[in-house]
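Below is one structure, written out as C-alpha coordinates; comments come after it.
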Amino acid sequence: MRAIVVDAPRGVPTPASVPDPSPPPHGAVVRVRATGVCRSDWHAWVGHDPTVRWPHVPGHEFAGEVVAVGREVHGDWIGARVTAPFCCGCGRCGTCREGLTHLCEHEFQPGFDGWGSFAEYMAVPWAGVNLARLPDALGFDEAASLGCRFVTAFHGLVERAALRPGETVAVFGCGGVGLAGVAIAAAAGARVIAVDVSEEKLARARALGAGATVDAAREDPVTAVLEATAGGADVTVDALGSRVTSAQGIRALRRRGRHLQLGLLLGGDADPPLPLQRVVRHELSVVGGHGMPAAAYPRLFRFVAGGRVPLARLIGERRPLEDAGEALAAMERFAPVGMTLLRPDDPVADGPGHRGLLG
Ligand SMILES: [Zn+2]
Ligand SMILES: [Zn+2]
(Lines give C-alpha, C1' and ligand atoms only; values in the text may rest on other atoms or scores of the structure.)
(Ligands and ions follow the chains in the order given, each with its own letter.)
Protein backbone atom coordinates (compact mmCIF):
# COMPACT_ATOMS: atom_id res chain seq x y z
CA MET A 1 0.00 0.00 0.00
CA ARG A 2 0.95 3.66 -0.24
CA ALA A 3 1.79 5.29 3.07
CA ILE A 4 3.58 8.36 4.39
CA VAL A 5 6.68 7.10 6.20
CA VAL A 6 8.88 9.13 8.55
CA ASP A 7 12.26 7.56 9.35
CA ALA A 8 13.28 9.68 12.35
CA PRO A 9 12.12 12.73 14.32
CA ARG A 10 11.76 15.64 11.88
CA GLY A 11 12.56 13.30 9.00
CA VAL A 12 10.97 14.15 5.67
CA PRO A 13 7.50 12.52 5.49
CA THR A 14 7.96 10.43 2.35
CA PRO A 15 5.39 8.61 0.23
CA ALA A 16 6.46 4.98 0.13
CA SER A 17 5.19 1.55 -0.75
CA VAL A 18 4.98 -0.61 2.38
CA PRO A 19 3.36 -3.99 3.17
CA ASP A 20 -0.39 -3.95 3.71
CA PRO A 21 -1.35 -4.33 7.38
CA SER A 22 -3.03 -7.54 8.48
CA PRO A 23 -5.58 -7.51 11.28
CA PRO A 24 -4.57 -8.72 14.75
CA PRO A 25 -6.88 -11.51 16.05
CA HIS A 26 -9.01 -8.92 17.92
CA GLY A 27 -8.66 -6.16 15.33
CA ALA A 28 -9.66 -4.96 11.88
CA VAL A 29 -8.08 -3.35 8.84
CA VAL A 30 -9.73 -0.18 7.56
CA ARG A 31 -9.33 1.27 4.09
CA VAL A 32 -8.73 4.96 4.86
CA ARG A 33 -10.97 7.29 2.86
CA ALA A 34 -10.12 10.53 4.70
CA THR A 35 -7.75 11.46 7.50
CA GLY A 36 -7.21 14.72 9.32
CA VAL A 37 -3.85 16.39 9.90
CA CYS A 38 -3.67 17.34 13.55
CA ARG A 39 -1.38 19.29 15.84
CA SER A 40 -0.73 15.99 17.64
CA ASP A 41 0.65 14.55 14.40
CA TRP A 42 3.07 17.45 14.32
CA HIS A 43 4.14 16.73 17.92
CA ALA A 44 4.77 13.08 17.02
CA TRP A 45 6.66 14.03 13.86
CA VAL A 46 9.10 16.36 15.63
CA GLY A 47 9.77 13.78 18.35
CA HIS A 48 7.75 15.04 21.31
CA ASP A 49 6.06 11.68 21.83
CA PRO A 50 8.35 9.05 23.40
CA THR A 51 6.03 6.16 22.45
CA VAL A 52 6.64 6.61 18.71
CA ARG A 53 8.92 3.98 17.15
CA TRP A 54 10.72 4.83 13.90
CA PRO A 55 10.13 4.42 11.01
CA HIS A 56 6.63 5.67 11.63
CA VAL A 57 3.35 6.35 9.81
CA PRO A 58 1.40 9.20 11.49
CA GLY A 59 -2.34 9.86 11.50
CA HIS A 60 -5.18 9.25 13.93
CA GLU A 61 -8.26 11.15 12.68
CA PHE A 62 -9.74 8.89 10.05
CA ALA A 63 -12.82 7.41 8.50
CA GLY A 64 -13.04 4.53 6.08
CA GLU A 65 -14.33 1.05 5.34
CA VAL A 66 -13.52 -2.22 7.07
CA VAL A 67 -11.85 -4.59 4.61
CA ALA A 68 -10.60 -7.36 6.93
CA VAL A 69 -11.12 -8.56 10.49
CA GLY A 70 -9.22 -10.86 12.86
CA ARG A 71 -10.55 -14.28 13.83
CA GLU A 72 -12.08 -13.01 17.10
CA VAL A 73 -14.06 -10.25 15.36
CA HIS A 74 -17.58 -10.69 13.95
CA GLY A 75 -17.61 -10.86 10.17
CA ASP A 76 -20.47 -8.40 9.81
CA TRP A 77 -17.96 -5.59 10.29
CA ILE A 78 -16.63 -6.27 6.76
CA GLY A 79 -17.73 -3.43 4.51
CA ALA A 80 -18.89 -1.23 7.40
CA ARG A 81 -18.25 2.49 7.14
CA VAL A 82 -16.44 3.36 10.37
CA THR A 83 -14.34 5.67 12.46
CA ALA A 84 -12.62 5.07 15.80
CA PRO A 85 -11.43 7.17 18.74
CA PHE A 86 -7.80 8.25 18.84
CA CYS A 87 -7.50 6.44 22.20
CA CYS A 88 -8.44 2.81 21.60
CA GLY A 89 -9.28 0.62 24.60
CA CYS A 90 -8.70 -3.08 25.22
CA GLY A 91 -12.24 -3.70 26.46
CA ARG A 92 -10.97 -5.96 29.24
CA CYS A 93 -9.21 -3.87 31.89
CA GLY A 94 -11.12 -2.45 34.86
CA THR A 95 -11.33 1.02 33.34
CA CYS A 96 -12.66 -0.29 30.02
CA ARG A 97 -15.24 -2.41 31.88
CA GLU A 98 -16.51 0.82 33.46
CA GLY A 99 -17.15 2.04 29.91
CA LEU A 100 -14.15 4.37 29.89
CA THR A 101 -12.38 2.75 26.96
CA HIS A 102 -10.73 6.06 26.02
CA LEU A 103 -8.87 5.92 29.35
CA CYS A 104 -7.83 2.27 28.94
CA GLU A 105 -4.95 1.04 31.10
CA HIS A 106 -3.45 -0.51 27.95
CA GLU A 107 -4.49 2.26 25.58
CA PHE A 108 -3.38 2.17 21.98
CA GLN A 109 -3.26 5.36 19.95
CA PRO A 110 -3.02 4.75 16.19
CA GLY A 111 -0.42 7.05 14.70
CA PHE A 112 1.55 7.08 17.98
CA ASP A 113 1.70 3.61 19.52
CA GLY A 114 1.57 2.06 16.06
CA TRP A 115 1.24 3.03 12.42
CA GLY A 116 -1.63 5.37 11.70
CA SER A 117 -3.94 6.63 9.02
CA PHE A 118 -1.59 8.49 6.64
CA ALA A 119 -1.90 5.40 4.48
CA GLU A 120 -4.28 3.52 2.23
CA TYR A 121 -4.95 0.97 4.98
CA MET A 122 -4.55 0.87 8.74
CA ALA A 123 -5.08 -1.65 11.52
CA VAL A 124 -7.45 -0.88 14.39
CA PRO A 125 -6.98 -3.02 17.54
CA TRP A 126 -9.85 -4.50 19.60
CA ALA A 127 -12.23 -3.72 16.76
CA GLY A 128 -15.44 -4.69 18.57
CA VAL A 129 -14.65 -2.19 21.30
CA ASN A 130 -13.33 0.69 19.21
CA LEU A 131 -15.01 0.80 15.80
CA ALA A 132 -18.04 3.06 15.45
CA ARG A 133 -20.41 2.65 12.49
CA LEU A 134 -21.08 5.86 10.58
CA PRO A 135 -24.64 6.92 9.82
CA ASP A 136 -25.37 6.68 6.07
CA ALA A 137 -25.84 10.44 5.86
CA LEU A 138 -22.39 11.22 7.28
CA GLY A 139 -19.66 11.43 4.65
CA PHE A 140 -16.11 10.19 5.17
CA ASP A 141 -14.73 13.75 5.17
CA GLU A 142 -17.17 14.92 7.82
CA ALA A 143 -16.57 11.79 9.89
CA ALA A 144 -12.78 12.29 9.74
CA SER A 145 -13.27 15.91 10.75
CA LEU A 146 -14.87 14.73 14.01
CA GLY A 147 -11.66 13.25 15.37
CA CYS A 148 -9.86 14.13 17.62
CA ARG A 149 -10.58 17.79 18.24
CA PHE A 150 -14.34 17.51 17.78
CA VAL A 151 -14.88 14.38 19.87
CA THR A 152 -12.66 15.84 22.60
CA ALA A 153 -14.64 19.07 22.70
CA PHE A 154 -17.98 17.22 22.56
CA HIS A 155 -17.14 14.77 25.33
CA GLY A 156 -15.59 17.55 27.42
CA LEU A 157 -18.48 19.97 27.16
CA VAL A 158 -21.39 17.53 27.21
CA GLU A 159 -20.12 14.79 29.54
CA ARG A 160 -17.42 16.34 31.68
CA ALA A 161 -18.64 19.93 32.06
CA ALA A 162 -22.34 18.92 31.79
CA LEU A 163 -23.13 21.98 29.69
CA ARG A 164 -26.79 23.00 29.69
CA PRO A 165 -28.74 25.19 27.25
CA GLY A 166 -28.74 28.84 28.21
CA GLU A 167 -25.40 28.74 30.03
CA THR A 168 -22.46 30.96 29.17
CA VAL A 169 -19.24 29.38 27.93
CA ALA A 170 -15.92 31.14 27.46
CA VAL A 171 -13.50 29.30 25.17
CA PHE A 172 -9.84 30.29 25.55
CA GLY A 173 -7.89 29.45 22.40
CA CYS A 174 -9.57 29.09 19.00
CA GLY A 175 -7.41 26.47 17.34
CA GLY A 176 -8.94 23.18 16.26
CA VAL A 177 -10.36 21.98 19.55
CA GLY A 178 -11.39 25.50 20.57
CA LEU A 179 -13.34 26.18 17.38
CA ALA A 180 -14.99 22.77 17.66
CA GLY A 181 -15.93 23.70 21.23
CA VAL A 182 -17.40 27.00 20.05
CA ALA A 183 -19.53 25.24 17.42
CA ILE A 184 -20.68 22.51 19.82
CA ALA A 185 -21.52 24.89 22.68
CA ALA A 186 -23.47 27.17 20.35
CA ALA A 187 -25.35 24.21 18.86
CA ALA A 188 -26.13 23.03 22.39
CA GLY A 189 -27.85 26.34 23.11
CA ALA A 190 -25.13 28.02 25.14
CA ARG A 191 -24.01 31.63 24.85
CA VAL A 192 -20.41 31.51 23.68
CA ILE A 193 -17.56 33.96 24.19
CA ALA A 194 -14.44 33.12 22.18
CA VAL A 195 -11.00 34.33 23.30
CA ASP A 196 -7.88 34.39 21.12
CA VAL A 197 -5.07 36.68 20.01
CA SER A 198 -5.81 36.19 16.31
CA GLU A 199 -8.52 38.26 14.65
CA GLU A 200 -8.76 35.65 11.89
CA LYS A 201 -9.55 32.92 14.41
CA LEU A 202 -12.03 35.13 16.24
CA ALA A 203 -13.83 35.79 12.96
CA ARG A 204 -13.97 32.04 12.39
CA ALA A 205 -15.36 31.61 15.92
CA ARG A 206 -18.12 34.13 15.18
CA ALA A 207 -18.98 32.24 12.00
CA LEU A 208 -19.27 29.05 14.06
CA GLY A 209 -21.65 30.55 16.59
CA ALA A 210 -19.71 32.66 19.10
CA GLY A 211 -21.94 35.54 20.18
CA ALA A 212 -19.01 37.60 21.45
CA THR A 213 -15.25 37.56 21.01
CA VAL A 214 -12.33 38.88 23.06
CA ASP A 215 -8.99 39.79 21.49
CA ALA A 216 -6.60 38.83 24.27
CA ALA A 217 -3.79 40.72 22.56
CA ARG A 218 -5.69 43.95 23.15
CA GLU A 219 -7.47 43.49 26.45
CA ASP A 220 -7.33 41.35 29.57
CA PRO A 221 -9.58 38.41 28.72
CA VAL A 222 -10.52 37.63 32.34
CA THR A 223 -11.82 41.14 32.90
CA ALA A 224 -13.60 41.06 29.54
CA VAL A 225 -15.34 37.75 30.29
CA LEU A 226 -16.31 38.80 33.82
CA GLU A 227 -17.84 41.99 32.43
CA ALA A 228 -19.59 40.30 29.51
CA THR A 229 -21.16 37.72 31.81
CA ALA A 230 -21.95 40.00 34.77
CA GLY A 231 -19.71 38.09 37.16
CA GLY A 232 -18.27 35.09 35.36
CA ALA A 233 -19.00 32.32 32.89
CA ASP A 234 -20.80 29.13 33.87
CA VAL A 235 -18.19 27.11 31.98
CA THR A 236 -14.70 28.04 30.80
CA VAL A 237 -12.59 25.96 28.45
CA ASP A 238 -8.82 26.10 28.11
CA ALA A 239 -8.55 24.77 24.60
CA LEU A 240 -4.97 25.99 24.14
CA GLY A 241 -3.18 24.36 27.07
CA SER A 242 -0.84 26.88 28.67
CA ARG A 243 0.12 28.25 32.07
CA VAL A 244 -1.63 31.49 31.17
CA THR A 245 -4.92 30.25 29.70
CA SER A 246 -5.50 27.50 32.28
CA ALA A 247 -5.35 30.06 35.10
CA GLN A 248 -7.37 32.61 33.10
CA GLY A 249 -10.12 30.05 32.61
CA ILE A 250 -10.45 29.47 36.35
CA ARG A 251 -10.41 33.21 37.11
CA ALA A 252 -13.14 33.93 34.55
CA LEU A 253 -15.69 31.60 36.21
CA ARG A 254 -18.69 32.63 38.25
CA ARG A 255 -19.20 31.04 41.65
CA ARG A 256 -19.81 27.27 41.32
CA GLY A 257 -18.56 27.51 37.72
CA ARG A 258 -16.80 24.64 35.92
CA HIS A 259 -13.43 24.88 34.20
CA LEU A 260 -12.79 22.33 31.47
CA GLN A 261 -9.15 21.65 30.60
CA LEU A 262 -8.89 20.31 27.05
CA GLY A 263 -5.54 21.67 25.88
CA LEU A 264 -2.61 19.40 26.72
CA LEU A 265 -0.06 21.08 28.97
CA LEU A 266 3.32 20.18 27.50
CA GLY A 267 6.93 21.20 28.06
CA GLY A 268 7.26 24.37 30.10
CA ASP A 269 3.47 24.57 30.49
CA ALA A 270 3.23 21.25 32.34
CA ASP A 271 2.11 21.55 35.96
CA PRO A 272 1.04 25.21 35.80
CA PRO A 273 0.41 27.23 38.97
CA LEU A 274 -3.39 27.44 39.32
CA PRO A 275 -5.55 29.70 41.53
CA LEU A 276 -6.79 26.85 43.73
CA GLN A 277 -7.70 29.20 46.58
CA ARG A 278 -10.32 30.58 44.24
CA VAL A 279 -11.46 27.03 43.48
CA VAL A 280 -12.09 26.59 47.22
CA ARG A 281 -13.68 29.96 47.94
CA HIS A 282 -15.98 29.92 44.91
CA GLU A 283 -16.66 26.17 44.94
CA LEU A 284 -15.37 25.80 41.42
CA SER A 285 -14.97 22.54 39.56
CA VAL A 286 -11.92 21.78 37.43
CA VAL A 287 -12.34 18.83 35.09
CA GLY A 288 -10.27 17.40 32.29
CA GLY A 289 -11.34 15.91 28.99
CA HIS A 290 -9.28 13.63 26.78
CA GLY A 291 -10.94 12.02 23.79
CA MET A 292 -14.17 10.07 23.96
CA PRO A 293 -15.11 6.40 24.32
CA ALA A 294 -16.27 4.68 21.14
CA ALA A 295 -19.60 3.87 22.79
CA ALA A 296 -20.42 7.60 22.87
CA TYR A 297 -20.33 7.99 19.07
CA PRO A 298 -24.08 7.36 18.54
CA ARG A 299 -24.85 10.30 20.83
CA LEU A 300 -22.36 12.44 18.93
CA PHE A 301 -23.82 11.40 15.57
CA ARG A 302 -27.35 12.30 16.77
CA PHE A 303 -26.01 15.68 17.91
CA VAL A 304 -24.49 16.54 14.52
CA ALA A 305 -27.36 14.99 12.53
CA GLY A 306 -29.60 17.91 13.38
CA GLY A 307 -27.47 20.10 11.16
CA ARG A 308 -26.89 22.65 13.93
CA VAL A 309 -23.15 22.10 13.75
CA PRO A 310 -21.65 23.45 10.50
CA LEU A 311 -19.20 20.56 10.08
CA ALA A 312 -18.18 21.63 6.59
CA ARG A 313 -16.92 24.93 7.99
CA LEU A 314 -14.45 23.13 10.24
CA ILE A 315 -12.73 21.70 7.17
CA GLY A 316 -10.10 23.99 5.68
CA GLU A 317 -8.86 22.06 2.67
CA ARG A 318 -8.74 18.63 1.08
CA ARG A 319 -5.49 17.30 -0.32
CA PRO A 320 -4.04 14.05 -1.64
CA LEU A 321 -2.22 11.79 0.80
CA GLU A 322 1.12 12.67 -0.78
CA ASP A 323 0.77 16.25 0.53
CA ALA A 324 1.10 15.04 4.15
CA GLY A 325 4.63 16.36 4.57
CA GLU A 326 3.67 19.81 3.37
CA ALA A 327 0.62 19.83 5.64
CA LEU A 328 2.69 18.78 8.65
CA ALA A 329 5.38 21.36 7.89
CA ALA A 330 2.71 24.07 7.75
CA MET A 331 1.97 23.36 11.41
CA GLU A 332 5.49 24.47 12.28
CA ARG A 333 4.60 28.04 11.40
CA PHE A 334 1.02 28.24 12.56
CA ALA A 335 -1.98 26.12 13.39
CA PRO A 336 -4.23 26.27 10.31
CA VAL A 337 -7.64 27.71 11.13
CA GLY A 338 -9.49 24.99 9.26
CA MET A 339 -8.72 21.31 9.30
CA THR A 340 -6.64 19.78 6.51
CA LEU A 341 -7.98 16.46 5.28
CA LEU A 342 -5.84 13.99 3.35
CA ARG A 343 -7.60 11.61 1.00
CA PRO A 344 -5.66 8.57 -0.19
CA ASP A 345 -8.03 8.11 -3.14
CA ASP A 346 -7.41 11.59 -4.53
CA PRO A 347 -5.03 12.00 -7.47
CA VAL A 348 -1.36 12.24 -6.60
CA ALA A 349 0.04 15.76 -6.36
CA ASP A 350 1.80 16.95 -9.50
CA GLY A 351 4.67 18.70 -7.76
CA PRO A 352 5.74 20.88 -4.83
CA GLY A 353 3.32 23.63 -3.97
CA HIS A 354 0.29 21.75 -5.26
CA ARG A 355 -2.65 22.89 -3.21
CA GLY A 356 -4.75 19.77 -3.54
CA LEU A 357 -8.41 19.56 -4.35
CA LEU A 358 -9.95 22.54 -2.68
CA GLY A 359 -13.63 22.63 -1.87
ZN1 LIG B 1 -8.69 -1.34 28.70
ZN1 LIG C 1 -5.71 14.82 16.70
Fill in: log10 of Debye I(q)/I(0), alpha-carbon scatterers only, for region 76-166 at 0.14, 0.26 Å⁻¹
-0.57, -1.45
Worksheet entry | Mean ellipticity per residue at 222 nm, deg cm²/dmol - from DSSP H runs of n ≥ 4 across the chain, formula -39500 (n - 2.57) | -7000 deg cm²/dmol
Practice prompt. Specify the angular offset, from 0 to 90 degrees and rounded to the nearest 10, of the alpha carbon long axis of helix 176-187 from the longest principal axis of the alpha carbons in the chain.
Written response: 70
Discussion item. Sorting check: for 150-160, 292-302, which peptide has the highest mean count of neighbouring beta carbons within 10 Å, and how do the rest follow?
Written reply: 150-160, 292-302
Discussion item. So if I place +1 on the C-beta of Lys and Arg and -1 on the C-beta of Asp and Glu, and nothing else carries charge, what would the dipole magnitude of the chain be about its Cα centre? I want it in debye, nearest 20.
Written reply: 1040
Worksheet item: To the nearest 0.05, what FRET efficiency results for GLU283 and ARG164 with a Förster distance of 30 Å applied to their C-beta separation?
Response: 0.95
Worksheet entry | Residue list for region 298-333, given a label point 7 angstrom along the Cα-to-Cβ vector of ALA137 and an amide N cut-off under 11 Å | 302-308
Worksheet item: If you count, for each residue, the other Cβ atoms within 10 Å and average over each peptide, how do 29-42, 199-212, 89-102, 7-20 line up from highest to lowest?
Response: 29-42, 199-212, 89-102, 7-20
Discussion item. Using only the alpha-carbon atoms, what does region 1-58 span along each of its principal axes? Please give whole angstrom values in decreasing order.
Written reply: 30, 23, 21
Discussion item. For Cα pairs less than 8 Å apart in space and 6+ apart in sequence, what is the mean separation divided by the residue count of the chain, i.e. the relative contact order in percent?
Written reply: 17
Discussion item. Through the Karplus equation 6.51 cos²θ - 1.76 cosθ + 1.60, θ set to phi - 60°, convert the phi angles of region 127-133 into ³J(HN,Hα) values in whole Hz; use x for Gly and Pro.
Written reply: 4, x, 8, 10, 6, 10, 6
Worksheet item: How big is the C-alpha Rg of the chain next to the rule-of-thumb value 2.2 N^0.38 Å, as a ratio?
Response: 0.97
Worksheet item: About its Cα centre, what dipole magnitude does region 187-284 give when the only charges are +1 on Lys and Arg Cβ and -1 on Asp and Glu Cβ, stated in debye to the nearest 20?
Response: 380
Worksheet, complete the sentence: Once the dipole of region 20-107 is set up from charges on Cβ (+1 Lys and Arg, -1 Asp and Glu), the residue from the list LEU103, CYS38, GLY64 lying farthest towards its positive end is GLY64
Item to complete: Provide the descending list of Cα extents for region 142-185 along its principal axes, expressed in whole angstroms.
Response: 29, 20, 15
Practice prompt. Would you tally the net charge around LEU265, using a Cβ to Cβ cut-off of less than 13 Å, leaving LEU265 out, and scoring K and R as +1, D and E as -1?
Written response: -2
Discussion item. What is the percent carbon and sulfur in the accessible area of the chain, measuring with a 1.4 Å probe over the protein chains and ignoring ligands?
Written reply: 53
Practice prompt. Based on a Kirkwood Rh over C-alpha pairs, give the Stokes-Einstein translational diffusion coefficient of region 22-127 at 20 °C and viscosity 1.002 mPa s in µm²/s.
Written response: 154
Item to complete: Could you rank the peptides 273-281, 43-51 by their average count of other C-beta atoms within 10 Å per residue, with the highest value first?
Response: 43-51, 273-281
Worksheet item: By how many degrees, 0 to 90 and rounded to 10, does the Cα axis of helix 324-333 deviate from the longest principal axis of the chain?
Response: 20
Worksheet item: If you plug each phi of region 139-153 into the Karplus form 6.51 cos²θ - 1.76 cosθ + 1.60 with θ = phi - 60°, what whole-Hz ³J(HN,Hα) values come out, in order, with x for Gly and Pro?
Response: x, 5, 4, 5, 5, 5, 6, 7, x, 9, 5, 5, 5, 5, 5
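The values are calculated or read from the model by the stated rules, or taken from the named source; none is laboratory data. Keep in mind it's a predicted model, so treat the numbers as computed, not measured. As a convention, Cβ positions derive from the backbone with ideal geometry for all residues, glycine included, and neighbour counts pool all protein chains shown. Just so you know, the surface numbers come from the protein's heavy atoms only, side chains and all, with ligands and any DNA or RNA stripped out. Shrake-Rupley method; radii C 1.70, N 1.55, O 1.52, S 1.80 Å.
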